[in-house]
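These notes are about the structure you will find just below.
The values are calculated or read from the model by the stated rules, or taken from the named source; none is laboratory data. Because the structure is predicted, anything quoted here is derived from the model rather than measured. Counting neighbours? That spans all protein chains shown, and the Cβs are built from the backbone with ideal geometry, glycine included. When the accessible area is computed, the model is the full protein with side chains, heavy atoms only, and any ligands, DNA or RNA have been set aside. Shrake-Rupley method; radii C 1.70, N 1.55, O 1.52, S 1.80 Å.
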Amino acid sequence: MKPNERLTLAFCRVAVETELYELLGVSPSASEDEIKKAYRKKNRNDPDAATKFQEMAAAYEILSDPNTRALYDEGGMEGLQGGRSGGPNMDDLFTQFFTGGGSGFSFGFDMGPRSSRFSRQNDSVLPHEVTLEDLYNGKTVKMNMEKQVLCSSCKGSGAKGHAKPKQCSTCEGSGRVYIKTQLAGGQMAVSPQQCEDCNGKGEKLREKDRCKKCKGSGTVKEKTRQEMYIEKGMADQQRIVLAGAGDEEPGVSAGDVVFVLKVLPHNSFERNGNDLLVKVKITLSEALLGFSRILLTHLDGRGIKVTSPPGKILQPDASIVIRGEGMPTYKRPDSKGDLFVLFDIEMPTESWLRSVDHQALAKLLPPKKLEMQPQPEIVDEVNFEEIDVRSQSFPASQDFFDHGYANQRDDIHDEDGWEDEDDDDEGAGDMFDDYMGGSAEPECRQQ
């Protein structure tokens, strides 16, 4: 037997599987140069190369590396899996190649930049700060923007005249290069990356063939004037889309510019859906004797005047509702939510107290609470200091402050005159009906 024949037979005995060699159209004894030439020829001349690309690329990556080729020759697919029995078939191997799954010899695949020319979303999403006044009244915003547009000189081709791009020699036209990484236990991982020489396109223009205006990129920067309309009643995080105002790219339609509204906190108003909540300070005299004045300035600059019903005493944290004075309804601005007003009663100052006759004042005010009867067996007289418990770290829910203390004050609803029992006064207005006592306002979120 001739030496060449013995060598061929040796290769045949070692290469237990030949499917990868058959994919590239070479024999198991082919040299590295022959494998590389076969891979290039297949990609260039084979009419089915596009559909077989994944399989041929996987085969080439294995057979072009001496270490992985030796594993495949000695143990086939099972050899690539670290000698495990029940190794994968070709379908399993290519599934690994595309998904990065499996153990042993690891692969990863990403369709990458070549397919991105058809599926990439190039919308620009930008935050835009607005005030509550903007959302109440509506607003038109004009702005200067810079966007990427197709080069008018080369029409987006990036080429000078009729010059054509050439196949990238680095990636052989695939748009990707494959990086091998050594893993623990001597295993190898292969992962694709975008070719930096051609930016994943698989082809590139020579320097002398590039358009002078865009330097071969196919696009240039251009300043444009855009207009955005903030409609009445819009909400926080709502999106406003300027169709076609985004960047352009060769082969891809212009993207959109999407503004996401971010509502700034307001000094006076809070919003919950279409309802508004505002806190208003009134004096003790107004709480006891009533008032008729402008309570607040609305978001559109109007003064809101309110007259309290005769004989109605406003308790601490009392609230009223003014129908139809809330936020406009989106797309139906003539319809509005409600405005809830929460009263904060200002107590007189110590200087005022020093200026009045205490005995005369005591005769005007309701009597003091009598001592508890019967008294506990043990009574301790203690000292105290003033603090703002709401600003302290106190392990209690908000309901404790809003309702718990009021529920303990049985004197508010007893029969000694603290609360007006006549709730049927004609002309009091709907805004006072069913909203006395501080428990009717909505749970408004700060916007």
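When restricted to residues that are farther than 30 Å from residue 361 by Cβ and assigned to a strand (DSSP E or B), the range 287-310 contains 5. With respect to residue 293, determine if the residue is out of contact with any Gly (no Cβ under 6 Å at 6 or more places or on another chain), open to solvent by 50 Å² or more (accessible area, probe 1.4 Å) and farther than 27 Å from residue 320 by Cβ. No: the conditions fail for residue 293.
Counting only helices (runs of 4 or more DSSP H) that sit completely within the range 1-65, those holding 3 or more residues that are under 14 Å from residue 172 (Cα atoms) and either at pLDDT 80 or above or not charged (D, E, K, R) (or both) correspond to 32-45, 49-63.
Of the strands (runs of 3 or more DSSP E) lying entirely inside the range 169-286, the ones with 2 or more residues being open to solvent by 60 Å² or more (accessible area, probe 1.4 Å) are found at 176-182, 188-194, 219-230, 239-242, 275-283. Taken over the range 144-186, the residue count meeting the criterion of being of a type in the set (Gly, Ala, Ser) and within 34 Å of the chain's Cα centre (by Cα) is 2.
Taking the range 333-356 as the range and being in a loop (DSSP other than H, G, I, E, B), in contact (Cβ under 8 Å) with a residue 40 or more places away in the chain and open to solvent by 70 Å² or more (accessible area, probe 1.4 Å) as the test, only 347 passes.
Residues that are assigned to a strand (DSSP E or B), touching a residue at least 12 places away in the same chain (Cβ under 8 Å) and open to solvent by 30 Å² or more (accessible area, probe 1.4 Å): does the range 153-162 have at least one? Scanning the range 153-162, I find no residue that is assigned to a strand (DSSP E or B), touching a residue at least 12 places away in the same chain (Cβ under 8 Å) and open to solvent by 30 Å² or more (accessible area, probe 1.4 Å), so the answer is no.
Does residue 369 qualify as being out of contact with any strand residue (DSSP E or B) (no Cβ under 8 Å at 6 or more places or on another chain), at pLDDT below 95, within 30 Å of residue 232 (Cβ to Cβ) and surrounded by fewer than 11 Cβ atoms within 10 Å (Cβ to Cβ)? Considered against the rule, which asks whether it is out of contact with any strand residue (DSSP E or B) (no Cβ under 8 Å at 6 or more places or on another chain), at pLDDT below 95, within 30 Å of residue 232 (Cβ to Cβ) and surrounded by fewer than 11 Cβ atoms within 10 Å (Cβ to Cβ), residue 369 comes out as no. For the range 357-393, which positions are hydroxyl-bearing (Ser, Thr, Tyr) and part of a loop (DSSP other than H, G, I, E, B)? Scanning the range 357-393 gives a single hit, 393.
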